[in-house]
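Remarks on the structure that follows.
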Amino acid sequence: MNDWTRTPFTDLLGVRYPIVQGPFGGGISRIALTAAVSEAGGLGSFGAHHLHPHEVDATIARLQASTDRPFAVNLWVPLPGEPTRLDPLVHRHRSASLAPWFRRVGLAPEDHSAPAAVDFEAQVDAVLARKPAVFSFVFGVPRAEILAECRRLGIRTVGAATHLDEGLALQDAGVDAVVASGYEAGGHRPAFLRPGGDTMATGPLTARLSAALTVPVIAAGGITDGRGVASAMILGAAAVQLGTAFLATDQSGAPEVHKEILRSPRARYTTLTRAFSGRLARGVRNEFLDEQTDSDGLLPYPQQSWVTAPLRAAAAARGDAELLALWSGQGAPVSADRRDATEVFEYLVADTARTLATATGSRTESKAVTS
């Protein structure tokens, strides 16, 4: 692997390095982070699924003013039958069942009503109008008409797969690249054809998708350093996507207590839970997660997310880590020495080059000994 920086992915997007910063949901994506990664030569991403269409428009405009390099805007494809509103009685009942947690952060459960879901189609219209370099998405495949319009406008599309079936479905739909989202990945499992827990580890998934697909495969899950990048590329990935490593940087919008935990030994202990949003996601264990993960009262997404949103917001303001969704992949803890996003990116590039050079040297030396 003489020039690991030149791959079908970098050729497709015109970026210098095959490194993608994963998009963050829940309002913790930040323009400064997305722009920093893109300016460094990678593909920065902004998670916009929670934004209303006018906010999506304004965010892309600000990103385009911050960098002239390619970046991705990420949305969540609604799953069939997904509710767009929550029955007020159900909302009040579920909120009341969490009354001790509301009191802990100084809130009353009856003071919070359920919002309506954002309009995905209108969000997409905002993306198409602003024409970012990349439109990425999770939890499914957008309508054929949306993908066709992206092609007409020159917007590259990237979907996420947790299984070979999903990767094939995305390729058949005409996407330009597929993220191989492994079991180790932090945050939500973007499954849409298989159960969220029925997912493969990053290595086997990357190898299987790379062998079966003709579009570039982006490995994601548990990658935090050059060894992870190199391993993924040896398995056939055309790029890698890192979330947790960038979530802990100064430019991310994660609460400071969340970042501190990602840099600490506590981050070694992650698990999958539906406690915060109703969808399966990986995060560091805390009191709320441990109590609620097996609760009979969990609602489906987005209803559970609406119920816990005020709790999470208040916990973030108070620095209460036991009520936060401490999303993290299994590659944590991350280094406490590198907190600037550009510095993290440059370290990844250098560490990958070192790792590959060492591996190449070892193979050459081994051949010389055996010949």
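Observations
- In the chain, helical runs assigned H by DSSP with n ≥ 4 each contribute -39500 (n - 2.57); averaged across all residues and rounded to the nearest 500, the mean residue ellipticity at 222 nm is -13000 deg cm²/dmol.
- Long-range amide H partners of F71 with built H, under 5 Å: A133, V134
- Classified by the C-alpha gyration tensor, the stretch 295-335 has an oblate form. Its axis ratio a/c, with a ≥ b ≥ c, is 1.5 or above, and a/b does not exceed b/c.
- The residue among G42, H91, P8 whose Cα reaches farthest toward the positive pole of the charge dipole of the stretch 1-101, with charges on the beta-carbon of Lys, Arg, Asp and Glu, is H91.
- Residues T355, T214 arranged by fewest to most Cβ contacts within 10 Å: T214, T355
- Extension gain from T84 to R339, taking 0.36 nm per residue of separation minus the Cα-Cα distance: 88.0 nm
- Note on the stretch 249-371: Kirkwood radius taken over Cα pairs, Stokes-Einstein applied at 20 °C and 1.002 mPa s, translational D equal to 127 µm² s⁻¹.
- Rounded if a/c under 1.5, otherwise prolate or oblate - the stretch 1-110, Cα gyration tensor axes: prolate
- The chain: C-alpha gyration tensor shape, a/c 1.5 cut-off, then a/b vs b/c: prolate
- The smallest convex shape that holds all Cα atoms of the stretch 155-289, its convex hull, gives 121 Å³ per residue.
All of the numbers you see were taken from the coordinates with simple rules; none came from a lab. Computed from a predicted model, the values in this text were never measured in an experiment. Backbone-built Cβ (ideal geometry, glycine too); neighbour counts: all protein chains shown.
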